[in-house]
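Written out below as structure tokens is the structure these notes cover.
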Amino acid sequence: MKKSGLVYISAILAVLSGCSTAKPSQGRPELTAASQCSEQIHTASKNKKGTTTLKSLQDNSTFLKVGDSSQERYPIQGAAYVESTFLNKGNPGSAWRNCMQIKGFIISQ
């Protein structure tokens, strides 16, 4: 097969896989922010001392408050977060929570 044919087929497969991949955070900006913060913390922790652990909020004990506009809190489940002993400085999850707060989401238990 010619090189151009392989490139064409690869491009089609890339487009199709991108279209068919479900986006778990679609319509849920807090999950998008959680994913972005997790990625940030993971990247910042690479090649640093300590451990970095990917986790997920699976219970109803963690709550989300959006900005300062409301005092209502909503349970947040299924959000990915990263704990980095290097960045957390003894307070597990603090770097991720700080990132979420910068994005306008206050996380509490």
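The values are calculated or read from the model by the stated rules, or taken from the named source; none is laboratory data. Source: prediction; values computed, not measured. Cβ placement follows ideal geometry from the backbone for every residue including glycine, while neighbour counts extend to all protein chains displayed. Side chains included, ligands, DNA and RNA excluded: accessible areas come from the protein's heavy atoms. Shrake-Rupley method; radii C 1.70, N 1.55, O 1.52, S 1.80 Å.
Quick look at the numbers
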item: Per-region count, the range 75-87, residues within 26 Å of Arg28 (Cα to Cα) and assigned to a helix (DSSP H, G or I); result: 0
item: Which numbered condition Ser20 misses (of (1) surrounded by 10 or more Cβ atoms within 10 Å (Cβ to Cβ); (2) over 17 Å from Ile107 (Cβ atoms); (3) modelled with pLDDT under 75); result: (1)
item: Residue match in the range 62-78 (condition: in contact with a helix residue (DSSP H, G or I) (Cβ under 8 Å, 6 or more places away or on another chain), at pLDDT 75 or above and open to solvent by less than 90 Å² (accessible area, probe 1.4 Å)); result: yes
